[in-house]
């Protein structure tokens, strides 16, 4: 089994740069895999794909050197195990609000005696080789998303869950929940309260020996997050990158044509 | 954000005519969208599609003026949120049997502080525009299906759930459950007991300021339902419409050829 | 190998009732196969499907008793052979305008020494059994569409092509071409000139021992066509059947609700 | 409705030979259906398919005479009901650990009054005919997988669940769980403890009048299982069969070329 | 029928800004349609899609106001007619090298008496309304690509083809062919010879009353092309826009993390 | 650009072992890529896939070390160029019967000045890196299939085509055509005439400095073919390997159960 790039980077105390895939297209995944990311997350929560498309994207990341993560739609053993069987090397699970939920998440990710994962790595063994079973429990990476008031209150208990690898901050939902709708959604939060909350989650992770990741909307915020101590920074998803680039290209073209530029 | 056609009709006290999509084909959805329905329901419970096909159908309804609803397979936050993120403007949730279930359903449909919906309207914001987040909690429509004995017993409590928009009657399952298997499944019930039960659900909705919808098998029954006070009437699904039309066409052709007609 | 239902009917001098599939959905094909047609045509010329969807539809017609035909997009050996390899038991080829084109079409349908079909019935042998190769040249049915002025002028030569099974009338294109744009497109032609032209094609077929088919828009016209002597009558495609049925259902519902009906 | 081949065999006290489908390809399902299996299981737990692919595979098994089973990803009413609506004639449910879970599984499979299955057999009625509803509760077959320590402890209570048809042994997970990670995963267990455990599950099934199935990796083990009394033996999945056959073919080719053979 | 946006712009003597779709994803097409382009080209020549994906993308552009064009893989009546039937409002045809080829291309785009297009606008009539047939010959736009030495030599004859709407310059192939492999491929040519050749093609178009389009790699070159007189400028495809944006984002993130920026 | 494994083997005078993919499933392609083949052919002539599925399979072979070939449906520049743009490193073209056809095939495979391939390696450049254009003309491999009487008569002229890399024998069609239907189709021919014909094609290839490949049904025949001098031997396709393995497994299971073995 190839070493999991995230674990390798972390063992060298280097942060992982993560990209985000929302379209459901295998070819888009393959393009993104060539742009220098350490890891890419297939977002089956808010992204536009079902399981078959997720599989196509995992296939497209084959042997790319990029560590394939999957964000599952919700805490539920079925999508966690199916993503792992299909070859994901890590899972980001949204809305982990309690220690019990964190334990359930860890349990779904690991074979006995560490958990209850069912054996059947149909594609994982093709993609990662015959050593997959022996290595899987140690190699796959589980991120619990901390993004609600309840989770925030329970963050230490969650971080202390045996077998959990990392916390992952969803700044938009966190702001939405902590602010109870008064703060607009969005990443790259600048409110001092939100920065404090984000760093509080980071501290909880570190205190319990976990790694921490965060979704960022810009390289600048990602660099700040690394400076704060984050171990994985997501920098924008594919659809936003494309939309922004296309919009800029059209706007500039029209301006140049009009002689305004 | 374009106004949700259902809410617009309801604000004018007009009933919505709803069609039903079971095939999983985007092109079939597009054809149906041209036939005059106010709204179309993509049925991911009994229909033959996964999430990717549901997305294709939502895309096919783009800018058609027809309000896209999705019936989710079961009460579970994941499919509710994924359908909304993909652009559904309303959700029909089967088998809501208790107040607690109704609250869980409403919670999944709304952003904080009204619920726990996670932020990530990946396609919704493309389809419905930048004002989507601000309008979503008020604009999307949630229908709780009342179709079991238990739900029938709890219908007032369910109807009183804050944030719920409508009840929706599934006559077939309702007959199956109330009759405990003695009544055959099927829509357009004519048993007096069933009509009473259906009107009892309608009354509960009205008493609590909710709207009510019902699945009908014919224009005639739909018109009766509107007369009773229903605010949305579904009139047959695409597969039944097609099968009936094709069967009639073949039968008539054979009869004419045989000189029997 | 199961006997080809079209040939069986023809051997009993019975006309075949044909349906038409334009959506690309396997499930729609399966529904249509239950409605009593003798044969169904997957239309890869004007229909909305690529080869993979055509295969899915052929799979959906498996063991249904309905004879699966494919209309290819254009005279070209590749789509003819691929449809046969995928299990089609007959091909309708558009725009056969000359004897040479008819010969090319027949050649693509038959294994040597009758033609140049390449051997590789990958799915045909699964669907139709080990006797497929021995029976194929005699069993598959080839329809040459006569639908242009040039084809009309050459119809006798075309009908005399050895190995050709049938002519097929595309009334819309025929009217368009014979009328050089002065006649609107559409099936079920009532102009005397068009009826004469259609019967002239039928006569050419009969004179050379061929069968003849025609696309009709209604059971009534189909019955007339059978009376004229046509051996296969297509009665409407799935999308038109569905659109018409849905439109009628909505219109009737609205009228009944409005009390107009 | 065609008789369910599994029930037919069991009524004649004959074991059913089951194959296993993991690829998600309808054409692969169709090929497998021609190889002599009594029944084929579409594995949506560890296999590489979503719901749409499962539907395509069910369509591909149409009228093949092979009884189509679906293994659902996890105990959850939604996938159970959706697979049945799409035409599965039996469900294998993983990780049934308690009597309550077994009851929940049975409930999802049966219409009232025997369960809570929602009515909407959209494709089942196309595939299995108009008698489907009347026959379904008696005809569909439910297998509860016994594959954990907890399930093993509760096996008698589970086997006594009214309406449950069969137990199914997943030897790999069972070894993993009973051995708490000390036994490697894999089928065709030869450890005496494991054989005892497997036969203990078989005995529990028989004691309560249930049937029993087991996943085997070879014809030899399957024959032993039948001798022990198992009523359904799965003999390998498609991906393993293909991989093994291809690997052997390449190895032999290289050896013959090298003159080593 | 909605007016074709390209023709509308041209009637006002405004250039059209065109985007380019290579991924085969309907959702990517939908995102691109929101970024301000006047028209988008689905590239079925070099792009990664078959006909079914092309249809999905045309559906995704529905009612977006953006004019959908399709580049066909090669001069062949089948893909031209199928793209039009599926709703394309214009076709870009590669490698038109002679007057005869240009005539064949025009013939495939128009119904009799102007051409030989077969009638069957299955989706076009759904997407563009009942007036489609009457308007189609005048409304759809045909671009002949001039991109070889032979085409360059014949450009005046090609431009004089009755019914042809526009020439389209493929700078990469043109350089490759005119330079016979000595010039590297690539757009935005700066060699004086190439600029002269491009302007020579533009002049031929203008002399014969045609419009002219060109593929550009940057807003700057597009603006120059408009200044030269081009009526449609393509500014980059989706895959390049995405790859560039993602690569920049990763590079900047790494630089900021390393403190190099 | 990674070296093309076929050219590498040939430069070392080693034969390439080729597998054959007929299902259209990316996951099946991925499984096959792990079984030791030097190269795999995606068969878009007799296989069950369209272009999108071919792309998925090419993606699945990404970085596997296995050289991806595509058999196109027929001699036509469009599928040749599309397969190359999607990442195929070689093309097998059926039914090359004359020198002119061979030249047309070579022309479609190479950029000017060696041919007329249009520039747009959308996925090829992602899969094979920035050096793709410079290397492509020398690196991609073109096989002309010799499988008809006419081709056999012209084999020397065909083999002398500049830029052609190899001949490929389709034994089934060759027997069918040379025998004019008197010889049954099938590979691994044992008739002396057929062996002579096959070796005559091999000799023609060698005389003109070309390589030669052949489709075989067994390792034994493949080894003989290598001994004769063939440079690439195909050993069975995936569907036959699977069908045979499954059929054997079922037969053996039934025999063992019946106690016959």
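Observations on the structure shown:
- One way to sum up the overall shape of the range D:1-99 is the equivalent ellipsoid from its Cα gyration tensor, whose semi-axes run 20, 18, 12 Å, largest first.
- Between the range C:84-104 and the range E:52-113, the alpha-carbon center distance in angstrom: 23 Å
- Shape call, the range B:156-207: gyration tensor on alpha carbons, a/c limit 1.5: prolate
- Chain A, closest residue to the rotation axis toward F, by beta-carbon, whole angstrom: A:63, 2
- The calculated FRET efficiency for the pair residue A:98 and residue C:218, based on their C-beta separation and a Förster distance of 60 Å, comes to about 0.40.
- Highest-fluctuation residue, C:69, C:48, C:202 considered, GNM on chain C with Cα pairs under 10 Å: C:48
- Within a Gaussian network of chain F (alpha carbon springs, distance under 10 Å), most fluctuating of F:77, F:112, F:68: F:112
- Residue-averaged beta-carbon neighbours from other chains (10 angstrom radius) around F:52-65: 5
- Over 16 Å [Cα-Cα, the range B:98-147], rounded percent: 43 percent
- Base-10 log of normalised Debye intensity for chain F (one unit scatterer per alpha-carbon) at q = 0.10, 0.16 Å⁻¹: -0.48, -1.19
- Neighbouring partner chain Cβ atoms per residue of A:225-238, average, 10 Å criterion: 2
- Ascending list, in nanometres, of distances separating the residue E:255 label from those of the other copies (7 Å, Cα toward Cβ): 2.0, 5.8, 7.0, 7.0, 7.8
- Enclosed volume per residue, in Å³, of the convex hull spanned by Cα atoms of the protein assembly as shown: 178 Å³
- Sum of -39500 (n - 2.57) over DSSP H runs of 4+, divided by residues of chain B (222 nm, nearest 500): -13500 deg cm²/dmol
- Centroid-to-centroid separation of the range D:4-51 and the range C:192-257 [C-alpha atoms, Å]: 41 Å
- The convex hull built on the alpha-carbon positions of the range A:73-129 has an orientation-averaged projected area of 3.8 nm².
- Likely footprinting exposure, E:54, B:216, fewest C-beta neighbours within 10 Å first: B:216, E:54
- Among C:158, C:116, C:96: highest mean-square fluctuation, GNM of chain C, C-alpha pairs under 10 Å: C:116
- When all alpha carbon pairs of the range B:59-153 are counted in 10 Å bins from zero, the resulting P(r) reads 17, 50, 27, 7, 0 %.
- Inter-chain neighbour count for F:110-118: the average number of beta-carbon atoms from partner chains within 10 Å of each residue's beta-carbon is 6.
- Each copy carries a label point for residue F:181 at 7 Å from Cα along the beta-carbon vector; from one copy to the others these points are 4.5, 4.5, 6.1, 6.9, 7.8 nm apart, nearest first.
- Each copy carries a label point for residue B:192 at 7 Å from Cα along the beta-carbon vector; from one copy to the others these points are 6.5, 7.4, 7.4, 9.6, 10.0 nm apart, nearest first.
- Directionally averaged projected area (convex hull, Cα atoms, the range A:112-183), nm²: 6.2 nm²
- Remark: the range F:133-261 projects, on average over all directions, an area of 10.9 nm² (convex hull of Cα atoms).
- Bins of 5 Å from zero: percent of alpha-carbon pairs in the range C:188-261: 3, 15, 18, 17, 12, 10, 9, 7, 5, 3, 2, 0
- Relative contact order (%) - chain D, alpha-carbon pairs under 8 angstrom, separation at least six: 17 percent
- Proxy reagent accessibility, fewest Cβ within 10 Å first, across F:22, F:249: F:249, F:22
No lab work stands behind these numbers, since they all come straight from the coordinates. Note that the structure is predicted; figures quoted are calculated from it, not measured. Cβ atoms come from the backbone with ideal geometry, glycine included; neighbour counts cover every protein chain shown.
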